[in-house]
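Undergrad: One structure, as structure tokens, below. Some questions next.
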Amino acid sequence: MKLRGRIYSFIKDVLTKSLVLAFITLLIIAAIALGMGLDHVANRLAEIAYYNLVLAVIIQLIIVIREEKE
């Protein structure tokens, strides 16, 4: 398998799933921080979590568009 294929496979299989897992984890931690009264920490964690989700969705969208062309 070519290096390009390996990188594509890694992004498709590992990276997007890791970003979604990070989103879920950070959002749970943000909820806990909010419950502890740490509003500023909770807001920042939630913001980072949503950036992870947006990045994962964009990568998945690119993968779907690329696979439809093939």
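Undergrad: Name the pairs whose Cβ atoms lie under 6 Å apart, with the first residue in region 46-60 and more than 13 Å from Lys17 (Cα to Cα), the second at pLDDT 95 or above and surrounded by 14 or more Cβ atoms within 10 Å (Cβ to Cβ), and 6 or more positions between them or separate chains?
TA: From residues that are more than 13 Å from Lys17 (Cα to Cα), the pairs are Ala46/Ala30; Ile48/Leu26; Ala49/Phe23; Ala49/Leu26; Ala49/Leu27.
Conditions (1) of a type in the set (S, T, N, Q); (2) exposed (fewer than 15 other Cβ atoms within 10 Å of the Cβ), marked per residue:
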| residue | (1), (2) |
| --- | --- |
| Leu3 | no, yes |
| Leu27 | no, no |
| Ala30 | no, no |
| Met36 | no, yes |
| Tyr51 | no, yes |
| Val57 | no, yes |
| Gln60 | yes, no |
| Val64 | no, yes |
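Undergrad: Restricting to region 22-70, name every residue that is under 16 Å from the mean Cα position of the chain (by Cα) and among the basic types (Lys, Arg).
TA: Selection gives Arg44 alone.
The values are calculated or read from the model by the stated rules, or taken from the named source; none is laboratory data. It should be emphasised that the depicted structure is a prediction, and the values quoted were computed from it without experimental measurement. So basically every Cβ, Gly included, is an ideal-geometry build from the backbone, and we count neighbours across all protein chains shown.
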